[in-house]
Amino acid sequence: MAETAQRVALVTGAAQGIGAAIAEELAADGLKVVVADINGEGAATVAERIGGVAKTLDVSSPEQVQTVVDEIVAEFGRIDVLVNNAALVPLTSWADISFEEWRKVMSVNLDGIYLTTHAITPIMGKAGYGRIVNIASNTFVAGTPDCAHYVATKGASIGLVRGLAGELGKLGITINAVAPGIIASEGVMSGPHQAGFDYVVPMQAINRRGVPADVAPAVAFLASEKAEWITGQTLVVDAGHTRN
Ligand SMILES: NC(=O)c1ccc[n+]([C@@H]2O[C@H](COP(=O)([O-])OP(=O)(O)OC[C@H]3O[C@@H](n4cnc5c(N)ncnc54)[C@H](O)[C@@H]3O)[C@@H](O)[C@H]2O)c1
């Protein structure tokens, strides 16, 4: 097995949007970043830009997750940081959420976190070190309508952070969540979500549109060695839209 001194990070859903900004920030901090996404071409473009490694990965596939984790370990001998960012961001009113759509959102947004985290915590545990950051959402705080299944998965990702911190702390691993407010990612700007800015920006303490680079530094801090004393927490990064 190869072994590198450079810290290694896996960022899921990193072909665009918030995930790509996180990958870029971690690379700027000196980490070797594995840019993983179901969109392999997009992942390759980001990886090339930041000097990282691209992996085509559907986080809801147990086989694909295990394969990618095995490949990273074979190539680098370590995984120091896991950022669970990949998610589907639907806008569907409750009456129209079919069980099929419900299951799909659960499988990517929630099962995906289980699969990556469960595959990687033994590796981090063996090393006695790890940083895990789940990208949640302030919709869990705000109770945003027309995406109840999405909000449920984001609440669950925060619940996982709280429920798992104690077990992982004994292994030298921290796990936290970052909950962004509405951000002008490619995903949001390509669909009906963008209408949300008209409503949300006036409620923010800082009245401009958030961009992916506004979220990435918070994630990079929680993924850093300096954040050793912070675990089981959720950091809301929404320009003061919600203030709990
Ligand atoms: N943009 C926002 O307003 C906002 C607000 C709060 C939280 N978030 C969260 O931030 C994260 C990123 O959001 P974004 O707005 O950048 O999204 P986006 O739609 O722009 O990008 C999501 C990325 O995830 C990838 N992806 C989708 N399904 C996947 C799968 N099964 N396996 C691997 N990759 C997959 C997509 O290909 C895409 O590259 C998500 O967890 C989202 O819930 C976003």
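Over segment 8-237, how many percent of alpha carbon pairs lie in each 5 Å bin up to the one with the longest distance?
Once binned at 5 Å, the Cα pair distances of segment 8-237 give 1, 7, 15, 20, 22, 17, 11, 5, 2, 0.
To the nearest 20 debye, what charge dipole does the chain have about its Cα centre, counting +1 at the Cβ of each Lys and Arg and -1 at the Cβ of each Asp and Glu?
640 debye
Quick one: accessible area per residue over the chain, 1.4 Å probe, rounded to a whole number of Å²?
46 Å²
Specify which residue in the list THR153, GLN194, ILE97 is farthest towards the positive end of the charge dipole of segment 8-237, using unit charges on the beta carbon of Lys, Arg (+1) and Asp, Glu (-1), about the Cα centre.
Going by the Cα projections, it comes out as THR153.
Please find the FRET efficiency linking ARG49 to GLU225, where r is the Cβ-Cβ separation and R0 is fixed at 35 Å, and quote it to the nearest 0.05.
Computed FRET efficiency for ARG49 and GLU225 comes out at 0.90.
Under a cut-off of 22 Å between alpha-carbon atoms, report the lysines in cross-link reach of LYS104, not counting same-chain residues fewer than 8 places apart.
Qualifying lysines at Cα under 22 Å: LYS55, LYS154.
Which one, ILE72, ILE113, ILE158, has the greatest fluctuation when you compute a Gaussian network model over the chain with C-alpha springs under 10 angstrom?
Looking only at ILE72, ILE113, ILE158, the largest GNM fluctuation is found for ILE72.
Any idea what the relative contact order of segment 8-237 is, in percent, if you count C-alpha pairs under 8 Å spaced at least 6 apart?
21 percent
Quick one: 3J(HN,Hα) in Hz for segment 197-208, Karplus 6.51/-1.76/1.60 with θ = phi - 60°, rounded, Gly and Pro as x.
Whole-Hz 3J(HN,Hα) from phi for segment 197-208: 4, 4, 8, 7, 3, x, 7, 6, 6, 10, 9, 9.
Using a probe of 1.4 angstrom, how much of the accessible area of the chain is carbon and sulfur, in percent?
Heavy-atom surface of the chain belonging to carbon and sulfur, 1.4 Å probe: 56 percent.
The values are calculated or read from the model by the stated rules, or taken from the named source; none is laboratory data. Quantities reported herein were computed from a predicted structural model and do not represent experimental measurements. Cβ sites come from the backbone with ideal geometry, for glycine too, and all protein chains shown count toward neighbours. We work out accessible area using only protein heavy atoms, side chains counted, and drop any ligands, DNA or RNA first. Shrake-Rupley method; radii C 1.70, N 1.55, O 1.52, S 1.80 Å.
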